[in-house]
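Taking it in order: structure first as C-alpha cells, then the write-up.
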Amino acid sequence: QVQLVESGGGVVQPGESLRLSCRGSRSGARLNLIGWYRQMNWYRQAPGKQREHVATIINGGDTNVADSVKGRFTISRDNYQNILYLQMNSLQPEDTGVYYCNGEAIVGSNIDWGQGTQVTVSS
C-alpha cells in the first residue's frame with residue numbers, strides 16, 4: 001500500500017513563506033519517489049472552490065507552476081531523501097487552502113494522493 005503524506009502547512013501572515021514537504025511510503029518503508037512516479041504534482045483547494053493544479057515536476061527534472069504562483073512558488077525534489085517540496089514565498093490570502101501532493105505511478109499509471117496539509121494566510 002502506497003501512502004503519500006504532506007507536512008509543513010500552517011498559519012502565516014501575507015508576505016511570509018512556507019515550505020511544504022511530501023513523503024511517500026510503501027508497506028511502511030520509505031518510497032523511492034523518482035523510481036515509483038513519472039511525475040509528481042502539488043494541488044490546492046480553497047474553501048468552496050475546485051481543486052487546482054499548482055506545480056509539477058517530472059522525472060527528467062523539468063518543472064512548471066501555475067501562472068497564479070509563478071515567481072513565488074517553486075517545486076523541487078530531493079532524490080536522496082525522497083522528499084517532494086513546495087517552497088512558497090510571498091504568500092497571499094488567496095493562497096489559503098488545503099495543499100495536496102500526488103504522483104502518477106510509472107507502472108499502471110495509478111494516481112496516488114496525500115491527505116493534504118492546511119495553509120492559511122491571514123493578517
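The numbers here are math on the coordinates, done by the rules we state, and not lab data. Given the structure is predicted, the values throughout are model-derived calculations rather than measurements. Methodologically, a virtual Cβ is constructed for each residue, glycine included, from the backbone with ideal geometry; neighbour enumeration extends over all protein chains shown.
Overview of results
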| read-out | value |
| --- | --- |
| Estimated D of the chain in µm² per second, where Rh is the Kirkwood radius over Cα pairs and Stokes-Einstein applies at 37 °C, 0.692 mPa s | 228 µm²/s |
| Pairwise label distance in nanometres, Ile83 with Trp113, each label 7 Å out on the Cα-Cβ vector | 2.5 nm |
| Hz values of 3J(HN,Hα) by residue in segment 9-23 - Karplus curve (6.51, -1.76, 1.60), Gly and Pro given as x | x, x, 10, 9, 8, x, x, 7, 10, 9, 10, 8, 10, 9, 10 |
| Amide H contacts of Leu31 (H built 1.01 Å from N, under 5 Å, at least 5 apart or other chain) | Gly24, Ser25, Arg26 |
| Taking segment 1-116 and dividing mean pair separation by its residue count, relative contact order in percent (alpha carbons under 8 Å, at least six apart) | 34 percent |
| Qualifying trypsin sites (Lys or Arg not before Pro) for segment 1-104 [loop in DSSP, other Cβ within 10 Å: at most 12] | Lys49, Lys70 |
| Paired Rg and Dmax values of segment 83-123, which use every Cα atom, in angstrom | 13.4, 45 |
